[in-house]
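What follows is calculated from the coordinates using simple rules that are stated; it is not laboratory data. Owing to the predicted nature of the structure, the values given are computational and were not obtained by experimental measurement. Cβ atoms come from the backbone with ideal geometry, glycine included; neighbour counts cover every protein chain shown.
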Amino acid sequence: MQISLQGQIAIVTGGSSGLGREICLAYARAGATVVVNFHHDADAADDVVKLISQVGGNAMAVQADVGQESDVARLFGQTIERFGAVDILVANSGMQKDARFAEMSIEDWDAVIKTNLTGQFLCARSAVKAFRLQGDRGVSRSIGKILCMSSVHQTIPWAGHVNYAASKGGVALLMSSLAQEVAAERIRVNAIAPGAIRTPINEAVTQGDGAEKLLELIPYGRIGEPEDVANAALFLVSDLADYIVGTTLFVDGGMTLYPGFEDNG
Ligand code: NAD
């Protein structure tokens with residue numbers, strides 16, 4: 001099935017690597033103009049822009065730290081200045097700083113909450129303001145779409161990663177509360193909760209011996225690929241998903257079915 005995002009402008013945070021990169025490419029293939037936000041890796045972001053240009057698409061890279069209010073304002077400002085509007089936000093940026101609970105520093109707690117939760121708040125707030133200002137542009141059935149990147153750890157407790165799990169638990173209720181608040185304006189807010197997907201954030205567990213242990217947690221029997229998430233991300237912001245509001249779509253090969261509880265006897 002061909003999904004079209006023709007005429008729409010999308011900002012993807014953390015678009016220079018992993019899931020964000022794949023989502024940028026999928027959106028561009030569907031006809032969207034893409035703003036590839038990056039934090040530090042300008043070359044990687046330029047590479048995504050180049051790939052999009054090579055297939056006749058339209059894109060630009062913008063550096064911004066999603067945890068900084070002024071950076072997020074600049075990200076949206078530059079987007080609107082260059083392309084005139086924004087129709088889709090994928091609040092995808094995220095990070096981990098892992099430690100056992102008693103050893104976790106306040107710096108590592110703050111850094112993860114700031115990027116993973118405050119970053120989503122700041123970006124979503126700018127998106128809602130932009131959608132309201134520009135109104136119905138006639139490019140989609142809703143006036144704007146926000147897609148939050150959560151994690152199975154919005155639900156599954158994760159010892160050694162309490163800052164990350166707390167941030168994603170926060171994303172779940174940020175997403176649904178915001179969805180409830182803006183649905184009447186035809187702004188759709190949803191989330192994706194990936195399981196274990198092969199990207200830079202989890203190289204340590206998706207390669208080598210770690211991968212075998214990980215597979216025990218995945219009923220479907222394979223580690224996810226960025227494309228699995230990008231396909232869901234494309235569907236959720238398209239008009240095919242026009243009646244999907246305030247939902248978290250788990251893209252996890254069944255990880256949240258808790259396979260450890262399967263009774264083989
Ligand atoms: P990744 O490390 O490739 O992507 C994270 C991106 O966020 C990077 O491009 C990074 O530069 C960017 N980023 C970090 N801090 C930032 C900041 N302050 N401002 C702007 N950008 C910043 O890993 P990924 O797997 O592609 O992760 C993308 C999202 O998916 C994250 O939110 C992550 O929590 C979530 N996720 C990933 C998995 C997985 O298995 N890969 C599972 C569940 C959730």
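Overview of values
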| quantity | calculated |
| --- | --- |
| Length added when fully stretched, residue 47-residue 68, from 0.36 nm per residue minus Cα-Cα | 5.1 nm |
| Entries in 145/168; 114/213; 50/145; 97/213 that, when Cα-Cα distance is taken, lie over 27 Å | 114/213 |
| Amide hydrogen neighbours beyond the local backbone of residue 62, cut-off 5 Å, H modeled | 36, 37, 38 |
| Translational D in µm²/s for the range 3-115 (Stokes-Einstein at 25 °C, 0.890 mPa s, Kirkwood Rh from C-alpha pairs) | 168 |
| Relative packing of 30-37, 68-75, which averages over residues the other C-beta atoms within 10 Å, highest first | 30-37, 68-75 |
| Kyte-Doolittle mean at least 0.0, axial Cα span of 15 Å or more - DSSP H helices of the chain | 18-29, 42-54, 119-134, 162-182, 226-237 |
| Label point distance in nm, residue 137-residue 239, each placed 7 Å from Cα along Cα→Cβ | 1.5 |
| Peptides 78-84, 103-109 ordered by average Cβ neighbours within 10 Å, highest first | 78-84, 103-109 |
| The chain - mean residue ellipticity at 222 nm from DSSP helices (-39,500 (n - 2.57) per run, n ≥ 4, rounded to 500) | -13000 deg cm²/dmol |
| Length released on extending from residue 58 to residue 180, taking residue separation times 0.36 nm less the Cα-Cα span | 40.7 nm |
| Amide N proximity, the range 34-55 versus residue 99 label position 7 Å along Cα-to-Cβ, cut-off under 18 Å | none |
| Mean Cβ neighbour count within 10 Å, used as a protection proxy, ranking 177-190, 118-131, 143-156 highest first | 143-156, 118-131, 177-190 |
| The chain - percent relative contact order, Cα under 8 Å, separation 6 or more | 18 |
| The chain - charge dipole about Cα centre, Lys and Arg +1 at Cβ, Asp and Glu -1, debye rounded to 20 | 900 |
| The chain: Rg to Rh, with Rh as the Kirkwood radius over Cα pairs | 0.96 |
